[in-house]
Amino acid sequence: MYLKALTINGFKSFAKKGELQFSAPITGIVGPNGSGKSNVAESFRFVLGEQSVKSMRGRRGEDLIWGGSESVSRGNRASVEVVLDNSKRQFPLDFDEIRIERVVHRDGQNDYLLNGSPVRLKDVQELLASANIGSTGHHIISQGEADRILSASVRERREMIEDALGLKVYQLKKQEAERKLDKTRENIAHVESLRREAAPHLRYLEKQVQKIEKSLEVQKALRAAYVEYLRREDTYIAVHYDRLTAQRREPGAALEAVKKALAEAKATLREAEGSDSKSAEVVAAEERWRAASKERQGVLHELGKLEGQLSYVARRLEERARRVETGGPAIARSELERVVAAIEAQVTDAVGRDDLPALKRTLTDVVRKLRILLERAPSATDDLEAHERERGELERSIADLRNGMAKAEAAEAAAEAAYQTVRQNLETEAAGAREAEREVFRLVGEQRTLEAQVERIDRELEGLARDREEFKRELEEGVALLGRAVMQYYQVPLMVDGGEVSPEAMAAEDRNIQRTRRHELEKLKIRLEELGVGATDDTMREWQEAKERDEFLARELADLTSSVEKLSALITELSAELHEQFFAGIDKISVEFNTFFTLMFGGGEASLTRVEPKVRAKAEDEEEQLADDEPDENDVGIELNVKLPNKRVKGLEMLSGGERALTSIALIFAMSQVNPPPFIILDETDAALDEANSRRYGDLIEALAKKSQLILITHNRETMSRASILYGITMGSDGVSKLLSVRLEEALAVAK
Ligand code: ATP
């Protein structure tokens, strides 16, 4: 005995708590119409997890809760608890008693409790399925429902049979596996779509990473190139700078000295060339000399003249002396006075006559007479005394002149000497200037030579300075591109053919080689720039993350795929199991069906046959056809074949109401026999039976009760008489169903 008790509280018409004990194989429930008997059968459905409110004659969950009456207010919850015996561990739970309770609240919420602990519906279903108490309720035959198995579609019937065969547990497992499979496939699709979505970005990141790797390579090459270039360049510049500055030192100093000497020479020259004033001085001296000479000559001339005069005077004095000696005529004064008187007379006469030619003649005669006179006239100086005086005067003058002459001569000599001195000086200085000029020329030449030398070195130094600028720029760029580590270029020994390159070798190297290196450097820089890698670390991290995520998804996909395989295998396995058990079960049921049928009808024959999907597709309506052409055991239908004794007609359609009832009972019982459920509830299944059939029904019930507990809701006295326990249900004016144990007599009274 599995079923121990049922407690109804607030369910439908059972406003108050009521309990039924099922301590016997057959329990009968009796009561007048509308007292709430069917509500008891529905309370079983309810507690066993029925999800169709309709099958419990309600529209909403709320309809299952006591709705209230005039005297008893409505309830807020309905609960039903069933107590099952598990002392034989039919249920895979380590309890002797299993209590399943379901509660529905007004808000529609349902709670399930297993031995007082909340559980899910699924848990309840699984537990019940494990003890062959399926949810299709094949073991709960509601009022007027006995016929249902006959009128059901092949598929419904198939489901009932599956349920009856206890295949529910496989079905559930299979459904669960299918659900999981669907879910897994969904997950696969989801994961695939995630991967697909992420793929372009991942590819992009991969490309970026490749670029980064490439760029790291280029950076490495660039760093090596930089180190060599910088090392060589720095060394080259340093060595040559030292060399050139050393080379420049001597000519530089010499040039400075030459410049100084040149400045001095130029100053000297300028001084020498400043002798213009000197030559003016010479000219002035010369002038003075010439003036002195002229002075002297003037004095000399005067002297000559005076000496001439003196000699004349002397001669005259000598002559006079001689004349005195000789006595020569000299015109007497008397004579002269006479001549003058004659001339006067003559002129007066001439004037008085007023005759011009006579006048002219007279005048000419006068002049002649005067001339004769003059001839004879003694000179004015012909005066001894005068001459003597003159001579004395002349001699004094001459003496003075001679004195002046001496002075003039001295002055001339002095002027000449001065001139000579000045001239001499001038000449000496000119010679000095020439010397200075030569020196200047020499120094200029020397300066030029030195300048050329220094200039050549300076040009080289300038070249080096430019190189140094370039070097600095390059170093800065290197630092910008590769970081400060580049600055350590001098720490890395530069090796060529296993030997370290000496600074001298670096300095002596052909510049073209270094230029080529620089060119290479530029090319690498361009490559690096072309790769255009931005924030390396971020990209690498992002790629790492994206890759890890993708790998994670790939693993998940692999897991899911393997789950799909496993689930598919499980489904196949379960399907095979179901298939096998189902077919075997049908055959068994068919045999039992025939047995019960012939028992019920005292003959005839009945069987179950499988309807294969394709055959059925032709026979049944189009709606039941599956789009899938593949036959599936799920599509296998069940058909009933019945043949009544002594009747020619065959088929269910030909049966009377009572015959249909008997047939369905036979089938229900047959199903129960193959895989007996722990209990069967039959709600007025016997309603349509006549007395004879009621007896047969009673016999069958007793047979059936050997394998399953029976709860029979009935008005049939025959049926009641087979029950060991009877419960009466009454309903008073308050609309509340009440339970009470009754004796058969009481029950029979109710049945009447
Ligand atoms: P019969 O012998 O005629 O089949 P029965 O004994 O099977 O009758 P039920 O159908 O179980 O009677 O009970 C029907 C009664 O239960 C009705 O009176 C109905 O009003 C009452 N009932 C159903 N649902 C509720 C509810 N939610 N609240 C109160 N009463 C309800």
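The values are calculated or read from the model by the stated rules, or taken from the named source; none is laboratory data. What you are looking at is a predicted structure, and each value in this text was computed from that prediction instead of being measured. Cβ coordinates were reconstructed from backbone atoms using ideal geometry, including for glycine residues, and neighbour counts include every protein chain displayed. What goes into the accessible areas is simple: the full protein's heavy atoms, side chains included, and nothing from ligands, DNA or RNA. Shrake-Rupley method; radii C 1.70, N 1.55, O 1.52, S 1.80 Å.
If you check 725, 701, which single one turns out to be more than 15 Å from the ligand (Cβ to nearest atom), of a type in the set (Val, Ile, Thr), over 60 Å from the mean Cα position of the chain (by Cα) and open to solvent by 10 Å² or more (accessible area, probe 1.4 Å)? Steps first, please.
Numbers: 701 fails: open to solvent by 10 Å² or more (accessible area, probe 1.4 Å).
Exactly one of 725, 701 is more than 15 Å from the ligand (Cβ to nearest atom), of a type in the set (Val, Ile, Thr), over 60 Å from the mean Cα position of the chain (by Cα) and open to solvent by 10 Å² or more (accessible area, probe 1.4 Å), namely 725.
Quick check on this structure: which one of 689, 740, 748, 710 is free of Cβ contacts under 8 Å to residues at least 40 places away in the same chain and assigned to a strand (DSSP E or B)? Spell out the reasoning first.
Values: 689 fails: assigned to a strand (DSSP E or B); 748 fails: assigned to a strand (DSSP E or B); 710 fails: free of Cβ contacts under 8 Å to residues at least 40 places away in the same chain.
Testing whether each residue is free of Cβ contacts under 8 Å to residues at least 40 places away in the same chain and assigned to a strand (DSSP E or B) leaves just 740.
Scan the range 20-42 residue by residue and report those that are more than 9 Å from the ligand (Cβ to nearest atom), open to solvent by less than 30 Å² (accessible area, probe 1.4 Å) and assigned to a loop (DSSP other than H, G, I, E, B).
22, 24
Only one residue in 549, 541, 515, 527 is of a type outside the set (A, V, I, L, M), open to solvent by 70 Å² or more (accessible area, probe 1.4 Å), under 30 Å from the mean Cα position of the chain (by Cα) and under 30 Å from residue 237 (Cα atoms), so which one is that?
527
Take residue 510 and decide whether it is open to solvent by 80 Å² or more (accessible area, probe 1.4 Å) and over 20 Å from residue 225 (Cα atoms).
Considered against the rule, which asks whether it is open to solvent by 80 Å² or more (accessible area, probe 1.4 Å) and over 20 Å from residue 225 (Cα atoms), residue 510 comes out as no.
What pairs can you find where one residue is in the range 332-358 and small (Gly, Ala, Ser), the other is open to solvent by 50 Å² or more (accessible area, probe 1.4 Å), and their Cβ atoms are less than 7 Å apart, with a gap of 6+ or different chains?
350/359
Limited to the range 712-722, what total is found for residues that are open to solvent by 10 Å² or more (accessible area, probe 1.4 Å) and of a type in the set (A, V, I, L, M)?
Kept after step one, since they are open to solvent by 10 Å² or more (accessible area, probe 1.4 Å), are these residues of the range 712-722: 715-718, 721-722.
Next, from what is left, pick out any that are of a type in the set (A, V, I, L, M): none.
Result for the range 712-722: 0.
Within the range 720-746, count every residue that is touching an Asp or Glu at 6+ places or on another chain (Cβ under 8 Å) and among the acidic types (Asp, Glu).
Final tally of qualifying residues: 1.
Residue check: is residue 684 under 14 Å from residue 666 (Cα atoms) and surrounded by fewer than 24 Cβ atoms within 10 Å (Cβ to Cβ)? Quick ask: steps written out before the conclusion?
On the way: under 14 Å from residue 666 (Cα atoms): no; surrounded by fewer than 24 Cβ atoms within 10 Å (Cβ to Cβ): yes.
No, not satisfied.
Which numbered condition trips up residue 17, out of (1) farther than 20 Å from residue 681 by Cβ; (2) within 11 Å of the ligand (Cβ to nearest atom)?
(2)
Would you pick out the residues in the range 729-751 that are more than 22 Å from residue 689 (Cβ to Cβ), within 14 Å of the ligand (Cβ to nearest atom) and small (Gly, Ala, Ser)?
Residues satisfying the conditions are 732, 733, 735, 737.
Could you grab me the full set of residues in the range 1-14 that are assigned to a strand (DSSP E or B), within 9 Å of the ligand (Cβ to nearest atom) and under 21 Å from residue 742 (Cα atoms)? Reasoning before the result, please.
Taking the range 1-14 first, the residues assigned to a strand (DSSP E or B) are 3-9, 11, 14.
The next check asks that each one be within 9 Å of the ligand (Cβ to nearest atom); those that pass are 11, 14.
Listed by number, the list holds a single entry, 14.
Across the range 662-685, what is the number of residues that are within 20 Å of residue 164 (Cβ to Cβ) and within 16 Å of the ligand (Cβ to nearest atom)?
Residues that pass the stated criteria total 4.
Testing residue 397 on (1) touching a strand residue (DSSP E or B) at 6+ places or on another chain (Cβ under 7 Å); (2) within 30 Å of residue 297 (Cβ to Cβ), one condition comes back false. Which one is that?
(1)
For residues that are over 17 Å from residue 700 (Cβ atoms) and not in a loop (DSSP other than H, G, I, E, B), tally how many sit in the range 644-668.
Residues in the range 644-668 being over 17 Å from residue 700 (Cβ atoms) and not in a loop (DSSP other than H, G, I, E, B): 5 in total.
Check the range 463-486 and report whether any residue there is modelled with pLDDT under 90, touching a strand residue (DSSP E or B) at 6+ places or on another chain (Cβ under 9 Å) and open to solvent by less than 80 Å² (accessible area, probe 1.4 Å).
No - not one qualifying residue is present in the range 463-486.
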